[in-house]
1. Specify which of the listed residues (B:160, B:152) is touching a residue at least 60 places away in the same chain (Cβ under 8 Å), touching a strand residue (DSSP E or B) at 6+ places or on another chain (Cβ under 8 Å) and not acidic (Asp, Glu).
2. Can you spot a residue in the range B:225-247 that is over 27 Å from residue B:48 (Cβ atoms) and of a type in the set (Phe, Trp, Tyr)?
3. Do we find a residue being modelled with pLDDT of 95 or more, away from chain B (no Cβ under 12 Å) and surrounded by fewer than 18 Cβ atoms within 10 Å (Cβ to Cβ) anywhere in the range C:426-434?
4. Go through C:388, C:421 for me and flag whichever is in a helix (DSSP H, G or I), farther than 29 Å from residue C:103 by Cβ and of a type in the set (Asp, Glu).
5. Looking at (1) within 14 Å of chain C (Cβ to nearest Cβ); (2) over 30 Å from residue B:168 (Cβ atoms), which is the one condition that is false for residue A:200?
6. If residue C:339 satisfies all but one of (1) in contact (Cβ under 8 Å) with a residue 40 or more places away in the chain; (2) away from chain B (no Cβ under 14 Å), what's the number of the condition it fails?
7. Check residue A:63 against each of (1) closer than 30 Å to residue A:167 by Cα; (2) surrounded by fewer than 16 Cβ atoms within 10 Å (Cβ to Cβ); (3) modelled with pLDDT of 90 or more; (4) of a type outside the set (Val, Ile, Thr) and name the one condition it does not meet.
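The values are calculated or read from the model by the stated rules, or taken from the named source; none is laboratory data. Note that the structure is a prediction, hence the values are computed from the model and not measured. Glycine gets a Cβ as well: all are built from the backbone with ideal geometry, and neighbour counts include every protein chain shown.
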Amino acid sequence: MVERAPLLDLCAHLLLILALAALCLPVWLALVAASLPLEEAARVPLPLLPGDRLLENLAAAWQRAELGRALLNSTVMAAGIAAGKIALAVLSAFALVYFRLRLRWLAFWGIFISLMLPVEVRIVPTYEVVANVLVPVYALAGWLGLGPALAAEGAGGGAKVSLLNSYGGLIVPLTASATATFLFRQVFLSVPEELTEAALVDGCRPSAFLWLVLLPLSRTNIAALFIVLFVWSWNQYLWPLLVVTDPAYDTAVVAVTRLMPSMDALPRWNETMAAALLAMAPPVLVVLVFQRAFVQGLIEQDR
Amino acid sequence: MSKRVTFRSRLLPWFLLAPQLLVLLLFFFWPAGQAIVQALFMVEPFSGELQWVGLLNFEQLFQSSAYRQAILVTIVFCAATAALAMFLGLFLAVLVDRVVRGRTVYRTLAIWPYAVAPAIAGALFLFLLDPAMGVLAFALRQGLGLAWDPSLDATHATILVVLAAAWKQVAYNFVFFLAGLQAIPRILIEAAALDGAGPWQRSLRVILPLLSPTAFFLLVMNLVYAFFDTFGIVATTTEGGPGGATRILVFKVWEDGFVGLDLGSSAAQSVILMAIVVSLTVLQFRFLEKRVQYAG
Amino acid sequence: MRLGRWLFAGVVSGGLALAPGATARADRLVLDWWHALSGELGAALEEVARRFNASQHRFELKPVNKGNYVATLNAAIAAWRAKEHPLVLMNNESGVLTMMLSGAIVPVHDVLDKYKVEVRIQDYLRPVVQTYTDRQGRLLAMPFNSSTPILFYNKDILDTAGIAAPPKTWQEMEEQIRTIKAKGAADCGYSFAAGPWQELENYSVWHDIPVATRRNGFDGLDAVLVYNKTRFVQHIERLKRWVDEGLATFGAAAAQTWASAARTNFVEGRCAFWIDSTAWHSTVEAGAKMKWGASFLPHEADIRPNHSMIGGAALYLFKGFSDAHYEGAAAFFRFLTDPRVQLDWHKATGYVPITVAAWDLAKKEGYYASHATRGIAVEQLLMGEERENSRTIRLGNYENVRKALTDQLELVWAGKKGVKEALDQAVEDGNAILRRFEQQNKGKI
């Protein structure tokens, strides 16, 4: 502190407490609603203190939204995307930094431009590719006049690889990451040249160098990034909504929205809020437990 | 830029790049190209049959009052969300930076909302602000005598989605502003204090200018967030209503494509969105360049 | 390795031998059915499938819920493109043109003819069947769940106000609400959501007023919306006046999320009147603490009403299956038209039965003695005769056309736009959507 100003400090504390209480209010009220029987949860105004029905409501929400399966799906998806993004990014960054590449600019810009193509801007065609991954192959074959038979087969519904309603469809299309690639590029660039020189002298193979030198060096970056990406992936909504039409692959976030008040029935806010709490608990816990790594990952991602 | 010392292999690096490039080609570039092509056609949803219409899809979009409204709504929504989230993030960061005791607790409490999915944030705020049920709605009615009704009042609906969107993003801004504040050399502040500048003056004259690169970076990030990541909030709360008052462009792309089954128009909207992201990215990139220069 | 495989085969066949039902099932031809009902309605649907499966041993009908109507249709479109579509698809009444022009379906009448399932239109509730017939009067899809809006009223409130019977006309309804307010029986008169289905489509069909030209689009894709020039304008003006005078309470918007408000306001006893689908019966029965009743839709005092129109969904058959599959579908449709099956469906869900025979059976068994209000919708559909504007509403991309209206109506309730101005805009936007659809599908019909 530059100077002592007890009054100012007190104000700061008060303001912080007020602001953070406001920030926590929505979740607190969700908790309250989730702990009340339906009649009380529907009362206006809602009581401000929780009741004793939390477990019952959590159980009911768990069953109605089939959250057991949904949470498992979300975990697989989030871990898969995070791991996939990191793996692809590490490999790409390694190639970009440690090799003399002809056409490197092409790879670099290709990856960079993907920043400009979030799924929302290519929503329908991406869906089509996921519905049949071979669509581009057929189309290219048709254009190039290579194998008209192949193109005809495509049009006639020949071979197909559909990723709809599968973990592959949830994960793979989201595994490209320009920001992660650039992050690892920065990390690798800061690794001392001497290490590489020594490795070359020892006749170290590139794969061994990546595995034994670079990965251990970037361990904390990987962990931090994994946490950020896990949270980001868990919270995806539009993409799972599109590629999943079979409730067996619903993610937790989508499952919660299925419990939102709707045309079908009178609202059961207590169960909806219980489901919301369950679906947000995993990423929130991850952030709380790995706070330091999370903050580091968040900030690094944008270097 | 690459290392002075490198491995020697022609094929291996391409092999390493292949997975990422393949994913990009299949799920990014091909669909983006398709979107541009389909924007020039009308598309039959079942057969995928294409009918050339040239720029008609674009023409009709800009003629449609609904689309023009969506553009306006998006601008207001993005600006309000970014402004609110950044202001609150800065506010919290300044306070946390100032206090000594309890800093870790405060920081934790400020960060966790970032982990809540936009769609779920929407559900939480809907519950708070539902005209019939919501606690806040009740408080507004009883306390301020305000007939709060986001199902009917465009302003109320906008406030609802902006609040939900900003709430989730405050944490992000907080993290960066706090990091920015803590990176300011103490000596600068102390020097200013020695020159007789009070806390207020120091904030204005010393701290804010030093934070401006962070703020600019965050502005771009917040705009991108408000533009693209908030689909879930609108989808779980207002569904674009009332009277289209919260129908942001991303929601409309989805709605026209998947509810209306008008794939040609949806593709044309995608192309327009693409143009917007490209300009946002260029903005960000120019800034990044500058920041790299700062860093030397 | 080999030993293991033998062991495995032995265990499996042993298991099958021990479970005779399982072997029988293995011989059955599976018929996939993608549907959009969840919760209790979904359970009732699955019960229908279970009973069909128990009624014969050649086919195994397999219902799969794919989310709401929008999600189900999108799933089906993607599946059709990937050639992984189901045999049976459930799609709602607003999508008839899309399905009809999709090139992906086998008209149901073809299948019914081929397998000698006789469908005599006069045996059915006409407005139900006509929603899904082509211009030659042949069935494109098998009607499945159908409902129609009726007037629900709060008997306690009416009693307190000293009103003996619910209103027959809109004019009477206004007087009654004024009485109710004057006597302090309730604050809220008419609880309404202003859904296009309730306020535009049923209002128009009920009074034989056009929504669009070309018999509401039935005769061609070049139909033009005209509801900004009909009595509907005065209807909305009246509702707006009611809102302004506190006689009516708007309780919902287009958004699903809010749509419960109008219903909740009625079910929780705050409002005297509410118009919505007869399929809400079980919700009202379960949730209402007051005495309530239901009646026919109110009509304009100077117009004799005809009949209302349905909402709901029908079952389409996709192309690309073997004859045996279609034979199975025909068997299922024959099963569906059985009066007993229809009556049980009617009782379980509140949807109307689709055949007159089922309606007669219900009356004969005295079902309406204990459930008087559940027959109102059926009577309301059986009334009147076929008229120019009462056949159906068959417009392209109709969900978007509806949305254009809801968007504008919301501005009316909020007081941001005049009624005429808003409806003109809604018609302009809706017509733009229709013209796009027409261009996209030109030459197809």
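1. Selected residue: B:152, the only one of B:160, B:152 that is touching a residue at least 60 places away in the same chain (Cβ under 8 Å), touching a strand residue (DSSP E or B) at 6+ places or on another chain (Cβ under 8 Å) and not acidic (Asp, Glu).
2. Yes, some residue in the range B:225-247 is over 27 Å from residue B:48 (Cβ atoms) and of a type in the set (Phe, Trp, Tyr).
3. Scanning the range C:426-434 turns up no residue that is modelled with pLDDT of 95 or more, away from chain B (no Cβ under 12 Å) and surrounded by fewer than 18 Cβ atoms within 10 Å (Cβ to Cβ).
4. Answer to the check: C:421.
5. Going through the list (1) within 14 Å of chain C (Cβ to nearest Cβ); (2) over 30 Å from residue B:168 (Cβ atoms), residue A:200 breaks only (1).
6. Condition not satisfied by residue C:339: (1).
7. It fails just one condition, (3).
One line per residue, one yes/no per condition, for (1) charged (D, E, K, R); (2) touching an Asp or Glu at 6+ places or on another chain (Cβ under 7 Å); (3) within 14 Å of chain C (Cβ to nearest Cβ); (4) surrounded by fewer than 24 Cβ atoms within 10 Å (Cβ to Cβ):
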residue: B:184; (1), (2), (3), (4): no, no, no, yes
residue: B:197; (1), (2), (3), (4): no, no, no, yes
residue: B:208; (1), (2), (3), (4): no, no, no, yes
residue: B:211; (1), (2), (3), (4): no, no, no, yes
residue: B:218; (1), (2), (3), (4): no, no, no, no
residue: B:222; (1), (2), (3), (4): no, no, no, no
residue: B:237; (1), (2), (3), (4): no, no, yes, no
residue: B:251; (1), (2), (3), (4): no, no, yes, no
residue: B:282; (1), (2), (3), (4): no, no, no, yes
